[in-house]
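The block underneath contains the structure these notes are about, expressed in structure tokens.
The values are calculated or read from the model by the stated rules, or taken from the named source; none is laboratory data. From a predicted model like this one, the values you see are computed outputs, not experimental measurements. Backbone-built Cβ (ideal geometry, glycine too); neighbour counts: all protein chains shown. Calculation scope for accessible area: heavy atoms of the full protein, side chains included, ligands and nucleic acids excluded. Shrake-Rupley method; radii C 1.70, N 1.55, O 1.52, S 1.80 Å.
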Amino acid sequence: TPSEELLTEVIETVDEDGSGAITFDEFNQLMEMLSRTQGFTRRQRDDLEKLFARFDQEKAQHVSVTCLPAALSFLGYGSSLQEVRAVAEDVDLDGGGKLEWGEFIIFMRRIGELERQRLMVVFEESDSDGSGSLEADEVE
């Protein structure tokens, strides 16, 4: 699900007449942009480009799958090696063990989704009264 920040950014980009409403053609542009950006805002993409460059050890426009755990650790993600390998294998279209930029951004989107699912489970387990919010006594 796109964030409110991303939707605002994309609508501002495609709303050519500045009306605040989008036409069908603008809606098609919006959908294309969401697909192309994998749901990341411009700022997030800039950060991911820096991360990609940092771990592109050969400066060959790809990141080795073996570097992905370190890249995720750098971001503070808690993905297991098994999850990283499974997602990387799924998005590495040529099976070469190296992710190009497009594959990398898809990889990061999927890992992000796994992280959110993991956090949701922890949240729900901690929400002992089932209120949908965490009170101070529910947080250990």
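Residue under question is F27, and the condition is that it be aromatic (F, W, Y), at pLDDT 80 or above and within 30 Å of Y77 (Cβ to Cβ); does it hold?
No, not satisfied.
Please indicate, with yes or no, whether at least one residue in the range 116-123 is outside the structural domain of E12 (by the TED database) and closer than 21 Å to L7 by Cα.
yes
Any residue at all in the range 55-74 that is open to solvent by less than 60 Å² (accessible area, probe 1.4 Å), touching a Phe, Trp or Tyr at 6+ places or on another chain (Cβ under 6 Å) and aromatic (F, W, Y)?
So the first thing to find is which residues in the range 55-74 are open to solvent by less than 60 Å² (accessible area, probe 1.4 Å), and the list is 55-56, 60, 62-65, 67-72.
Applying the additional criterion that residues be touching a Phe, Trp or Tyr at 6+ places or on another chain (Cβ under 6 Å) yields 63, 67, 71.
Checking which are aromatic (F, W, Y) leaves us with none.
No, the range 55-74 has no match at all.
Mind checking which residues of the range 106-127 are over 19 Å from the mean Cα position of the chain (by Cα) and within 16 Å of E89 (Cβ to Cβ)?
The first filter runs over the range 106-127 and keeps only residues over 19 Å from the mean Cα position of the chain (by Cα), leaving 122-127.
Those that are over 19 Å from the mean Cα position of the chain (by Cα) and within 16 Å of E89 (Cβ to Cβ): none in the range 106-127.
Looking at the range 14-44, which of its residues are assigned to a helix (DSSP H, G or I) and open to solvent by 50 Å² or more (accessible area, probe 1.4 Å)?
F24, D25, F27, N28, Q29, M31, E32, S35, R36, R42, R43, Q44
Give the number of residues within the range 1-13 that are under 24 Å from L114 (Cβ atoms), at pLDDT 75 or above and surrounded by fewer than 12 Cβ atoms within 10 Å (Cβ to Cβ).
Matching residues across the range 1-13 total 1.
Report whether or not S131 is surrounded by 14 or more Cβ atoms within 10 Å (Cβ to Cβ) and of a type in the set (G, A, S).
When the stated conditions are applied, S131 does not pass them.
In the range 91-116, how many are within 23 Å of E58 (Cα to Cα) and open to solvent by 30 Å² or more (accessible area, probe 1.4 Å)?
Residues in the range 91-116 being within 23 Å of E58 (Cα to Cα) and open to solvent by 30 Å² or more (accessible area, probe 1.4 Å): 9 in total.
Need pairs with beta-carbon distance below 7 Å; first residue closer than 20 Å to G78 by Cα and within the range 120-140, second in a helix (DSSP H, G or I) and at pLDDT 85 or above; sequence gap 6+ or separate chains.
Every condition considered, the pairs that remain are V139/S126.
Going through the range 45-76 one residue at a time, which ones are charged (D, E, K, R), in a helix (DSSP H, G or I) and farther than 24 Å from L119 by Cα?
Listed by number, the residues that qualify are D46, E49, K50, R54.
Restricting to the range 77-92, name every residue that is part of a loop (DSSP other than H, G, I, E, B) and either touching a residue at least 24 places away in the same chain (Cβ under 8 Å) or over 12 Å from I111 (Cβ atoms) (or both).
Residues satisfying the conditions are Y77, G78, S79, D92.
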